[in-house]
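First up is the structure itself, then whatever we jot down about it.
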Amino acid sequence: MVCLGNICRSPTAEGVLRHVIAGEAPGLNVEVDSAGTADYHVGAPPDRRSQHAALRRGIDLSGLRARRVDPGDFLKFDLILAMDRQNLRDLTSLRPAVSTARLRLFMEYAVDSCVEVPDPYYGDVSAFERVLDLTTLAARGLVAELRRAG
Ligand code: 4NP
């Protein structure tokens, strides 16, 4: 899961995906992680507003720490999911020549939804709630697809 700062959207997406897997497909053997394309907040916990919005839905993000996307991620992970189109463009330029990961927009997994998770950083509480709504939709779609793929 990748966004710009790795303090709002992608740690939320990481926590939500873990939560959906635990509830709907606990046997699914996947490793979930998140990172940012920028290094502004490396080492920081998720934004307090993201933590509060997630906790209201029973998801604890407090143990996560921001990191930047690493060249090794493109070999370690099968799927790298961007929160918005700019993240996807930045990932394409960070991608090393040798890369086995597929790059996609996370919201492609959400049926009948928008294609990006809008950046909530300069928004109000509702922007952070929307991140939870959207990432939950996409996480459910992704888990359904992973279960179908076996
Ligand atoms: P994120 O949100 O990419 O969802 O983690 C942002 C976090 C920090 C900044 C921008 C977006 N920033 O400009 O510092």
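Structure notes:
- Gain in span if fully extended, Glu145 to Arg18, counting 0.36 nm per residue against the direct Cα distance: 44.2 nm
- Compared with the direct C-alpha span, the chain from His52 to Ser93 gains 11.5 nm at full extension, assuming 0.36 nm per residue.
- Taking every alpha-carbon pair under 8 Å whose residues sit at least 6 apart, the chain reaches a relative contact order of 28 percent.
Bear in mind these aren't lab numbers, they're just calculated from the coordinates by the rules spelled out. The structure displayed is predicted, hence computed values, not measured ones.
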